[in-house]
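Participant: So that we are looking at the same thing, I have put the structure below in structure tokens.
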Amino acid sequence: MIQKRLSIALAGNPNSGKTTIFNNITGTRQKVGNWPGVTVEKKEGNINKSGYDLKIIDLPGTYSLTPFSIEEIVARNFILDERPDVVIDIIDASNLERSLYLATQLREIDCKVLFALNMADVARTRGIKIDDKKLSELLAVPVVFTIGNKNKGINTLLKQAIELAESDYVIPEKRKVKYSKDIEDSISKIEHFIGNHAADSIPYNIRWTAIKLLEDDKIVKERVLEKTGKIGEDILREIHNQRNFLVDRFDDDPEIIMTDERYGFIAGIIMEVLTTSTKQRVDISRNVDLVLTNRFIGFPIFIFFIWAMFQLTFSLGAYPMDWISSGINLFSTLLAHVLPDNIFKDFLINGVIAGVGSVMIFLPNILILFFCIALFEDTGYMSRAAFLMDKIMHLIGLHGKSFIPMLMGFGCNVPAIMASRTLESEKDRTLTILITPFMSCSARLPVYIILAGAFFGAKAGTVIFGIYLLGIILSIITGRLFRSTLLRGDDAPFVMELPPYRIPMIKSLLIHMWDRSKLFLKKMGGYILAGSVVVWTLTAFPHNISYSKNYDLEIEQVKTYFQTEIEAAQESDKALLAQKLDVAVAELLTEKKAEKAEKSFMGRIGKVVAPIFSPIGIDWRGSVALLTGFVAKEIVVSTMGILYAADERENSEALKNALLSSGMTPIAALAMMVFVLLYMPCIATLAAIRRETASLKWMIFSISYSTLLAWGMAFLVYQGGTMIGV
Amino acid sequence: MKRVHSQEKEQFKTLFKQENIDAFEDRFKILDVFLQTERHLTISELIQLLDESGYTFTPDFVRDTLKLMCRFGFASKNRFYNGEVRYEHRHLGQHHDHMICTKCKHIYEFEDEQIENMQVQIAATYNFHMLQHKMEIYGICSKCLKDHIQLMPLIHAKQGERLEIKEFTGGASARMRLLSMGLRVGDKIDIITNLNKGQMVVAVGYNRYVLGRGLAQKILVETVRS
């Protein structure tokens with residue numbers, strides 16, 4: 001039997017518990033993607049319920065259906081164009097009046113609506129009682145009480161939704177908002193006008209279209225013009241007249257008057273259905289905010305949280321990192337023993353496993369970091385952080401909200417750039433996207449650890465901290481520069497709600513963490529695998545190299561020489577000689593490998609680009625490592641491993657020694673770290689920039705700006721440092 | 001006043017009859033309603049007044065009649081500061097000037113003999129033959145001024161203060177935004193944080209909002225006296 005498909009959309013205010021209900025319904029069967037054409041996250045989930053195949057769509061949280069932001073446009077367009085079978089409006093019962101504003105707007109569109117009075121428990125503790133029967137009657141809408149975080153009422157909700165979808169229910173006209181006479185007159189005049197001239201070409205409910213046109217809704221206006229062609233102009237002229245008439249009459253914009261009247265309508269409903277007992281409860285959230293947004297102690301507390309997050313990420317993450325690292329080593333040793341010596345084995349161990357392994361190692365860090373970020377978000381602290389950072393962000397000419405993506409940038413730039421989509425202003429978004437790559441992501445950390453560890457010893461921690469700080473300072477300078485030149489922005493009116501503090505649900509924390517990590521793994525995994533294969537190929541070929549000396553012969557000679565020595569020597573010296581033999585052979589092998597690397601394609605490329613990097617103190621091997629870092633910044637380490645002819649496996653001690661003996665100076669190492677911090681974002685980040693700005697231009701700009709800045713800064717560090725003789 | 005109006009009606013009758021103007025009876029009804037009000041009316045307002053008195057005319061007819069009345073000196077057309085055309089009836093031989101409040105849009109009439117005389121004198125000194133004159137003073141009326149003093153932009157509020165939102169200034173879209181997020185005129189708000197720099201945090205009931213300084217500048221509030 002083929003199951004019947006129904007689509008159910010979840011709408012509601014931000015923080016109304018929409019996502020919790022969505023997570024409860026769909027669990028892990030979620031699909032996260034983008035809405036077509038825009039970069040707003042689209043979440044879908046499929047479930048089976050009483051013989052129906054339900055497709056649940058989580059619409060972006062919105063306050064109204066007036067298109068202020070992309071989220072609101074997306075939500076509205078979905079309901080209008082995709083026509084879901086049922087729209088469930090999740091209403092925050094403790095915030096009924098405002099929630100009903102969206103509800104009345106949903107009511108005006110021709111769609112089947114079902115109300116979920118969510119957070120009924122919170123409402124009750126606040127002494128709010130809602131008469132659901134009366135509400136249902138007044139608006140002619142089925143109403144279900146739910147408690148999202150306790151998973152109560154969800155079953156009934158779905159059952160009711162299915163019932164509603166299957167019924168041939170028509171919205172009674174009189175249950176909609178009725179405006180004052182003048183406005184109703186204008187609406188019906190426009191309705192008639194449209195009805196007479198273009199009834200067939202208007203894709204939506206005519207009354208709704210008339211209302212939106214009267215409200216000067218840009219998108220509906222465009223749509224009408226597009227659909228009706230020539231007559232559209234006449235319609236708009238009629239609208240213009242009606243608007244002028246109403247402005248003349250009310251001395252204010254019609255949309256404001258209509259909003260007021262909608263609230264009037266809502267006030268009537270509230271009076272009927274809502275009873276508040278007089279007991280005034282202490283608002284815990286408000287008291288917490290008095291502390292956490294306090295002008296003196298708010299900021300230090302915030303810094304502490306951030307510090308704790310990084311501490312947790314790196315110190316707690318170090319343990320599983322070790323396990324994974326040894327696991328990978330074990331695996332590749334095992335493979336080395338099992339597989340016969342051939343090029344395929346080399347490819348598998350040195351190409352694929354080394355490359356992908358280097359990313360897998362960071363999985364624990366990424367998971368912990370994203371868990372912390374999900375914790376910040378789900379408790380409601382994130383928006384407070386945005387508020388606290390506002391003063392500092394204003395140095396760059398951005399609102400505090402831009403801080404959220406930047407903070408995430410310390411984990412990985414890819415989800416960070418995606419997080420910038422919460423910003424409303426296009427210019428703010430672009431600017432945030434351009435400066436986020438200067439937040440040193442966790443992929444760059446291994447490079448610092450190796451270089452600082454090798455050259456700065458005990459001071460390594462301080463040096464790495466300095467590098468992070470440099471990234472932040474340069475992002476501020478860059479922000480200011482762009483703000484006053486390329487992205488001169490008007491200060492858009494800013495209002496953001498601070499959601500009440502909530503105890504996070506472990507389930508939703510894990511879902512959020514996993515969503516982001518999955519994205520990271522998928523993107524990075526793909527690019528890194530491809531990148532590793534390219535790096536390996538370039539270093540492994542050409543296969544037949546004419547060496548400057550015959551290593552095999554020399555090794556043989558050394559062996560025979562020591563063999564005879566050992567035979568001639570006394571019993572006590574034999575062990576020592578055997579050791580000497582091993583060292584001599586290893587030296588020759590290393591030399592051979594170094595020459596092989598130098599003569600490989602990679603080496604040749606390195607020699608070509610070396611002149612560019614020599615002014616900043618980086619030799620050809622470093623140059624190649626940096627080039628390969630374009631694929632993913634971690635690869636810098638593994639490429640250095642290959643080129644500096646360190647041990648086969650990524651043994652960081654060996655690489656450090658190899659670096660120390662390669663003639664690199666501490667100041668050159670510092671210059672290289674600065675370069676790694678700043679130069680062009682990795683390929684996954686670039687793809688994200690391209691997608692989120694919807695422009696190739698900004699991506700190319702980002703590449704050129706950051707690389708030039710990196711070179712310039714590294715040049716200053718290296719030349720300056722050399723001059724003062726550090 | 002009544003006496004003046006009946007005098008005008010008589011003149012209207014004679015003049016319009018002489019000119020052979022059509023639909024005399026209907027136009028006379030319009031004049032009648034028009035003369036009964038002392039307000040400055042827009043055409044649509046006049047149509048509504050006529051409606052209330054039980055007469056229904058097309059806007060074109062009303063506009064046409066008003067034009068005629070202007071031509072014969074029964075009404076005069078004024079275009080006040082927001083560009084709307086408003087009509088007032090003229091008491092023949094009488095004249096008054098206007099003060100227009102730019103805030104509440106109320107129009108105050110006044111008469112001052114001195115000004116009238118001075119205008120005649122000034123015109124005479126320049127050897128200017130005065131046919132008509134118009135005098136309009138724009139400003140804030142005493143009522144609005146009194147109200148306004150107590151209002152302050154939210155941005156100047158101190159931490160811990162309790163205030164009531166009285167008015168939004170600024171563009172429609174910013175106002176709509178605040179409305180749809182649940183900030184409305186008449187709401188009581190508490191100031192949670194205001195650092196006199198950067199954004200501020202306010203609470204309305206159980207909701208808290210972060211407001212940018214630009215927006216806070218556009219919200220006018222009044223102290224709630226407890």
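Read-outs throughout are calculated quantities, based only on the coordinates presented, and are distinct from any laboratory measurement. Just so we're clear, the structure is a prediction, and the values are computed from it rather than from any experiment. Neighbour counts run over all protein chains shown; Cβ positions are idealised from the backbone, glycine included.
Participant: For the residue pair A:ASN48 and A:ILE306, what label-to-label distance in nm results when each label sits 7 Å from Cα along the Cα-to-beta-carbon direction?
Facilitator: For the pair A:ASN48/A:ILE306, the computed spacing is 5.0 nm.
Participant: Show which aspartates and glutamates lie in cross-link reach of A:LYS55 when reach means a straight Cα distance below 18 angstrom and same-chain residues fewer than eight apart are skipped.
Facilitator: A:GLU41, A:GLU44, A:ASP81, A:GLU82, A:ASP85, A:ASP89, A:GLU163, A:GLU166
Participant: Given R₀ = 22 Å, FRET efficiency for A:ASN329-A:ILE473 by Cβ-Cβ distance, to 0.05?
Facilitator: Taking R0 as 22 Å, the efficiency between A:ASN329 and A:ILE473 is 0.05.
Participant: Would you please state which residues of the stretch A:332-368 a label at A:ASN544 would reach in this model, taking the label point 7 Å out along Cα→Cβ and a backbone N cut-off of under 20 Å?
Facilitator: A:342-344
Participant: Using amide H atoms built 1.01 Å from N in the peptide plane, name the residues 5+ places from A:VAL141, or on other chains, whose amide H lies under 5 Å from its own.
Facilitator: none
Participant: Another question about this same structure. Pull up all non-local amide H partners of B:GLU167: gap of 5 or more, or a different chain, and H-to-H distance under 5 Å with H placed in the peptide plane.
Facilitator: Close amide H contacts, sequence-distant or interchain: B:LEU220.
Participant: If one computes the Cα centroid of the stretch A:387-466 and of the stretch B:132-185, what distance in Å separates the two points?
Facilitator: Here the two parts' Cα centres lie 41 Å apart.
Participant: Report the label-to-label distance for B:ASP97 and A:LEU553 in nanometres (one decimal), using points 7 Å from each Cα along the Cα→Cβ vector.
Facilitator: 11.7
Participant: Another question, if that's okay. For A:VAL220, B:VAL201, which order do you get if you count the other beta carbons within 10 Å of each Cβ and list the fewest first?
Facilitator: A:VAL220, B:VAL201
Participant: Can you put A:THR707, A:THR275, A:THR209 in order of Cβ neighbours within 10 angstrom, beginning with the fewest?
Facilitator: Final ranking by Cβ density, sparse to dense: A:THR275, A:THR707, A:THR209.
Participant: What nm distance separates the two modelled labels at A:SER315 and B:ASP51, each placed 7 Å from Cα along Cα→Cβ?
Facilitator: Each label point lies 7 Å from its Cα, and together they span 7.5 nm.
Participant: Which of rounded, prolate, oblate describes the stretch A:156-272, given a ≥ b ≥ c as roots of the alpha-carbon gyration tensor eigenvalues and a/c under 1.5 marking rounded, otherwise prolate only if a/b is larger than b/c?
Facilitator: Cα axes put the stretch A:156-272 in the oblate bin.
Participant: Can I ask one more? For the stretch A:181-276, with the dipole built from +1 on Lys and Arg beta-carbon atoms and -1 on Asp and Glu ones, taken about the Cα centre, which of A:TYR263, A:ILE190, A:THR275 lies farthest toward the positive end?
Facilitator: Projecting each Cα onto the dipole axis, the largest value belongs to A:ILE190.
Participant: For A:LYS580, give me every one of the lysines with a C-alpha distance below 19 angstrom, ignoring sequence neighbours fewer than eight places off in its own chain.
Facilitator: A:LYS559, A:LYS592
Participant: What is the order of A:TRP514, A:TRP323, fewest Cβ neighbours within 10 Å to most?
Facilitator: Ordered by Cβ neighbours within 10 Å, fewest first: A:TRP323, A:TRP514.
Participant: For chain A, what is the percent of antiparallel DSSP beta bridges, rounded to the nearest 5?
Facilitator: Bridges in chain A are about 45 percent antiparallel.
Participant: Near the amide H of A:LYS49, under 5 Å away, which other amide H atoms are found, from residues 5 or more places off or on another chain, if H is placed in the peptide plane?
Facilitator: Result for A:LYS49 returns A:LEU54.
Participant: With a cap of 16 neighbouring Cβ atoms within 10 Å, and only residues DSSP puts in a loop, list the trypsin sites (Lys or Arg not before Pro) found in the stretch A:494-547.
Facilitator: A:ARG502
Participant: Which of A:LYS549/A:LYS574; B:LYS158/B:LYS197; A:LYS49/A:LYS159; A:LYS43/A:LYS227; B:LYS9/B:LYS29; A:LYS42/A:LYS697 have a Cα-Cα distance over 19 Å?
Facilitator: Beyond 19 Å: A:LYS549/A:LYS574; A:LYS43/A:LYS227; A:LYS42/A:LYS697.
Participant: By its C-alpha gyration tensor, with a ≥ b ≥ c as the square roots of the eigenvalues, how is chain A shaped: rounded for a/c under 1.5, else prolate for a/b larger than b/c, else oblate?
Facilitator: The shape class here is prolate.
Participant: Could you tell me which of rounded, prolate or oblate describes the stretch A:4-174, using a ≥ b ≥ c as the square roots of the eigenvalues of the alpha-carbon gyration tensor, with rounded for a/c under 1.5 and, failing that, prolate when a/b is larger than b/c and oblate otherwise?
Facilitator: Judged from the Cα gyration tensor, the stretch A:4-174 comes out rounded (a/c under 1.5).
Participant: Still on this structure, I have one more. Please check which bits of the stretch A:201-226 a label hung off A:ASP110 would reach, taking the label as a point 7 Å along Cα-to-C-beta and the cut-off as backbone N under 13 Å.
Facilitator: It comes to A:201-210, nothing else.
Participant: Let me ask something additional. Once you've got the Cα coordinates, tell me which of A:LYS427/A:LYS633; B:LYS103/B:LYS166; A:LYS593/A:LYS656; A:LYS181/B:LYS143 are over 19 Å apart.
Facilitator: Result: A:LYS427/A:LYS633; A:LYS181/B:LYS143 exceed 19 Å.
Participant: What percentages, rounded to whole numbers, describe P(r) for the stretch B:108-226 computed over all alpha carbon pairs with 10 Å bin width beginning at zero?
Facilitator: Binned Cα distances yield the sequence 11, 33, 18, 10, 12, 12, 4, 0.
Participant: So, with +1 on the Cβ of K and R and -1 on the Cβ of D and E, and no other charges, what is the size of the charge dipole of the stretch B:151-223 about its Cα centre, to the nearest 20 debye?
Facilitator: In total the dipole reaches around 200 debye.
Participant: What is chain A's relative contact order, in percent, from Cα pairs under 8 angstrom and six or more apart in sequence?
Facilitator: Relative contact order comes out at 10 percent.
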